[in-house]
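Report on the structure given below.
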Amino acid sequence: MESPFDYRWTERGKGAPALPSPAAGLPGSRWPDPLLLATIVDDSFDALKFPYRPVAALSSRSGGPATIMGGTMKNPLDSLWGTIICGLVLTAILYYVVKSIPL
Amino acid sequence: MDYVPALARWLHFMAGVMWIGLLYYFNFVQVAALKAATADGTNAGIVKHVAPRALLFFRWSAVVTWLAGAALLGNQFVDAFTLRHGMAGIGVGAWIGTIMLFNVWALIWPNQQKILGMKPATDEEKAKARRVAFLASRTNTALSIPLLFFMAGGWSHRAVFGL
């Protein structure tokens, strides 16, 4: 049986067969597909080339904006507030990393 | 022998203020100013006189900051970069500073040379260079936040933060 995730690595054009929703996640899992979540960091996407946008964003390098669930994702570093929030989040993450390292 | 770390700390602070100060100038002031100046055709002065000077002090203050920081770490340099013997906090700061120095010399400066016309480049190459330099600069701005936390409060007030 074909894996529901094989399409990730295949470029499909318009008119390709309908794909299973990655939002459904792994069979039997209540969690969304982690690769779907990963698309939020990818800012390259060709909307016309792929029938399924979030997954397509993983393999496209065409330079367009990333989309997820039909919406456009922006790079947080394009705005000053996004940059500051990234820095604060990174500070919090690194703080707990350093705290977990034994003296 | 105490003169070396004392002078290194002083130099580290002065050069660091210049480096991060110019980084914040680029990100909080110049990017928006240049956009507005380009729109009304008054950007030539910034591009010709301000940006090259700011970049000169920016990239060399980055080097001085790193070298003074390395001198300040002294024989704890290896412990800091390997995050051992209670040096994890300052070590993370040192790693972030090193990544930022790399961004300055390997990404920001070579691409700014193309943007400012110091190196020959086509319009397409300039557009790409503009994006790479911008994102590298914004990355450094984001990294400066944890950098200053670990370099300043995270080190001198380790007990307060439980580090």
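Per residue of B:144-157, count partner chain C-beta atoms within 10 Å of its C-beta, then hand back the mean as an integer. All intermediate terms of the calculation are to be shown ahead of the outcome.
Numbers: counts 2, 9, 10, 4, 2, 7, 4, 0, 0, 0, 4, 0, 0, 0.
The shielding value for this peptide is 3.
Each residue of segment A:93-98 in turn: what ³J(HN,Hα) in whole Hz from Karplus with 6.51, -1.76, 1.60 and θ = phi - 60°, glycine and Pro shown as x?
4, 5, 4, 6, 5, 5
From the cross-link list A:Lys74/A:Lys99; B:Lys48/B:Lys126; A:Lys74/B:Lys114; B:Lys35/B:Lys128, which pairs have alpha carbons spaced over 22 Å apart?
Distance filter (> 22 Å) returns A:Lys74/A:Lys99; A:Lys74/B:Lys114.
Compute from the Cα atoms of chain B the Rg and the Dmax, the latter being the longest Cα-Cα distance, and quote both in angstrom.
Cα radius of gyration and Dmax of chain B are 17.8, 57 Å respectively.
Pairs of alpha-carbon atoms within less than 8 angstrom and 6+ residues apart define the contacts here; what relative contact order does chain B have, in percent?
On the way: 149 pairs, mean separation 41.5, N = 163.
Relative contact order here is 25 percent.
Which whole-number percent gives the relative contact order of segment B:1-84, counting Cα pairs below 8 Å spaced six or more residues apart?
Computed over segment B:1-84, the figure is 57 percent.
Helix B:123-148 sits at what angle to the longest principal axis of chain B, using alpha carbons and giving 0 to 90 degrees rounded to 10?
That works out to roughly 30 degrees.
Which value, in debye to the nearest 20, describes the size of the charge dipole of chain B about its Cα centre when Lys and Arg Cβ atoms bear +1, Asp and Glu Cβ atoms bear -1, and nothing else is charged? All intermediate terms of the calculation are to be shown ahead of the outcome.
Details: 14 positive and 6 negative charges, 59 e Å.
That gives chain B a dipole magnitude of about 280 debye.
Mind listing the long-range amide H neighbours of A:Met73? Cut-off is under 5 Å, sequence gap 5 or more, other chains count too, H placed in the peptide plane at 1.01 Å from N.
Excluding prolines and chain starts, which carry no amide H, the hits are A:Ala66, A:Thr67, A:Ile68.
Rounded to the nearest 0.05, what FRET efficiency is calculated for B:Thr42 and A:Leu103 with R0 set to 45 Å and r the Cβ-Cβ distance?
The calculated FRET efficiency here is 0.20.
Using 1/(1 + (r/R0)^6) with R0 = 22 angstrom and r between the beta carbons of B:Ala71 and B:Arg158, what's the FRET efficiency to the nearest 0.05?
Efficiency computed from Cβ-Cβ geometry: 0.55.
With θ set to phi - 60° and the Karplus curve 6.51 cos²θ - 1.76 cosθ + 1.60, what are the ³J(HN,Hα) couplings of segment B:92-101 in order, to the nearest whole Hz, using x for Gly and Pro?
5, x, 5, 5, 4, x, 5, 4, 5, 4
Each value in this text was obtained by applying a stated rule to the coordinates, not by laboratory testing. The structure displayed is predicted, hence computed values, not measured ones. Neighbour counts run over all protein chains shown; Cβ positions are idealised from the backbone, glycine included.
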